[in-house]
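Let me begin by presenting the structure, written as structure tokens, before commenting on it.
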Amino acid sequence: MYHMKRIAYLFSVVLVITSISGCKKFLNVDPPSDLSGNNFWQTLQDVENFTNGNYELFRQSVTRTNMQAGSGNDEFPFYPFGADMRGGMMIDNTNGFREYVRELSNNNIRSVLYGTGGLRRYWGDEIFNLKRFTQWDRFYRVIAAANIAVDRISTVPDPALTPALKNAYLGEAVFIRNLAYFHMVRLYGDVAYYTEPYFSKPLKRLPMVQVLKNCIADMKAYYKGMVWTYDDPFYVGIRGMRGSAIVMMMEMNMWLAGFDRPNSATYYNDAIALGDEIRNENGGAYDLLPLEDYVQIFKGRSKENLFGVPQNRNYGETFGWSDFFDQVKYDLVLRGSSGSIPYTSYNPDFMRALYPEGAPDKRASLWFDPVTLYNANRSFAMKKFLVTTDPNSLDANNRNDATQTIYRYVDVFLLQAEAYAELGNEGAAKQALKIVRDRAAAPEIVVAGEDLKEQIFLERARELLGEGHYWYDCVRTRRITDVSYKFCYHTTVEEFQRGAWTWPIDRSALANNPEMTLNNYWE
């Protein structure tokens, strides 16, 4: 069902409510209807449908809206382009044909978005629709729908909607609201913030530190009503859970520590406390799977998956060219032929820093072809996201079924290790780090001081490479202004403060809103 309410200062709200059929697809959409009238918000099923519809809205914010592969400019590679390629460590293996790889690596965002060259226009407009990076309306649709849900769920008269269920649905609505804000903060910095339903007043952008403080306070008021996990495994890791909310708040605290440095110790301690909560109270809902089960991890819906966006070819869901795997696709059959892939590889020195030659690490041997691990050419092979029935044959129709992982349980240990190290508690930092490295059968980290902090940062890359974290980690830790750190695009401090790490904001945001401003660095 679609419900449109014009909000002049920012966006047109389109509420998509997905009806769940027997196969539980998130794709079927009902006809338009007035969701604010007496014909809705009456039953438990109304709440369920609205909730699933908001997850579909979020999906449309970070992937394509048309689920058919090869759907032209409907492709939107949000996580690979926004957080991995922009980090600067990826290499174009197509002799310049996929020049967006080089442009993103060098932070040439103007060129990617507005360049006049044929290939730039081709990739930026016709194929990947990269202008969507500058348009925040889809995220605000998620927020608008979540605000309505928070307002209306408690009013539903159906006795089947018990107090416990109401609290769980409210927690999910607040989770998806704050997830949208967090995504926008990492794209644009300051953003307009509101939580009222049917809001229509002009707003100015709020400093992002205050936005994230508001988000954490908002989430803390609701997250304990959320379930640790679902009885139905279909929903595990693709609907908000208490662990999803906790790891998101941990990430928010770490971002705040990087941008509100005088208060960083408070944020580090809060992240540690949240990590202790999820580790000690989840009742067996979450666990680190053996790395040999990496196909299950990236297929999704496992005990390690805290939140992600699913795709399932049996239900017609496919990210197509929008997922990271498409850039580093591994195919034993096609490799070496004229049509072979991958399109990209990683900087060999970066890969050696992550996985030193001769040092044991299951991630290097399971997620990559160890023979070509340090190759800067098309022989490079990344298997991490290869989720298909036949690992020896992946056709050109994107037969990959990997979930777009956003949060995994392993992130809890990595964030705690980082927070402990920043607070000077190196023993606790190494203990948390050891849990991650023991699973990978990697040797214990024994360095101290700044070298330990560096290894914890690299450990996040070792573990989360390709999952949409690397650029944001470089930004929040200010490694993009630290020329001593070799493995990231660098800006000056002055450029950083002016917003060189952000994306531009489309000028449509100024329409009918005298309070709105754009990101000056890109103007």
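The values are calculated or read from the model by the stated rules, or taken from the named source; none is laboratory data. Here the structure is a predicted model, which means the values were calculated and not measured. Cβ placement follows ideal geometry from the backbone for every residue including glycine, while neighbour counts extend to all protein chains displayed. Note: accessible area is taken over every heavy atom of the protein model, side chains too, but ligands, DNA and RNA are not part of it. Shrake-Rupley method; radii C 1.70, N 1.55, O 1.52, S 1.80 Å.
Annotations
- Selected from ASN52, LEU306, ILE127, residue furthest toward positive end of dipole (the chain; charges at beta carbon): ILE127
- Cα gyration tensor category, rounded, prolate or oblate, for segment 427-499 with a/c compared to 1.5: prolate
- Nearest-ten-degree value, helix 137-152 long axis tilted from longest Cα axis of the chain: 50
- Whole-angstrom gap from segment 438-480 to segment 164-189, using each part's C-alpha centre: 27
- Neighbours of THR51 by Cβ distance under 11 Å: Lys/Arg scored +1, Asp/Glu scored -1, total -3.
- For segment 120-132, the Karplus equation 6.51 cos²θ - 1.76 cosθ + 1.60, evaluated at θ = phi - 60°, returns couplings of 5, 5, 4, 6, x, 10, 6, 9, 9, 6, 5, 4, 4 Hz by residue, with Gly and Pro reported as x.
- Toward the positive end of the charge dipole of the chain, with +1 on the Cβ of Lys and Arg and -1 on the Cβ of Asp and Glu, the farthest Cα among GLY283, THR477, VAL436 is that of THR477.
- Relative to the longest principal axis of the Cα atoms of the chain, the long axis of helix 410-422 lies at roughly 70 degrees.
- Å² of accessible area per residue within the chain, as computed with a 1.4 Å probe and no ligands counted: 36
- Flagged links, alpha-carbon separation over 25 Å, of LYS303/LYS384; LYS384/LYS434; LYS213/LYS434: LYS213/LYS434
- Acute angle (nearest 10 degrees) that the helix 208-220 long axis makes with the longest principal axis of the chain, alpha-carbon atoms: 70
- Share of carbon and sulfur in the accessible heavy-atom surface of the chain [1.4 Å probe, %]: 49
- Take every Cα pair under 8 Å whose residues are at least 6 apart in sequence, average their separation, divide by the length of the chain, and the relative contact order is 18 percent.
- Once backbone amide H atoms are built at 1.01 Å from N, VAL191 has LEU206, MET208 as its partners under 5 Å, excluding neighbours fewer than 5 places away on the same chain.
- Structure-based [θ]222 nm, the chain - -39500 (n - 2.57) summed over DSSP H runs of at least 4, per residue, nearest 500: -12000 deg cm²/dmol
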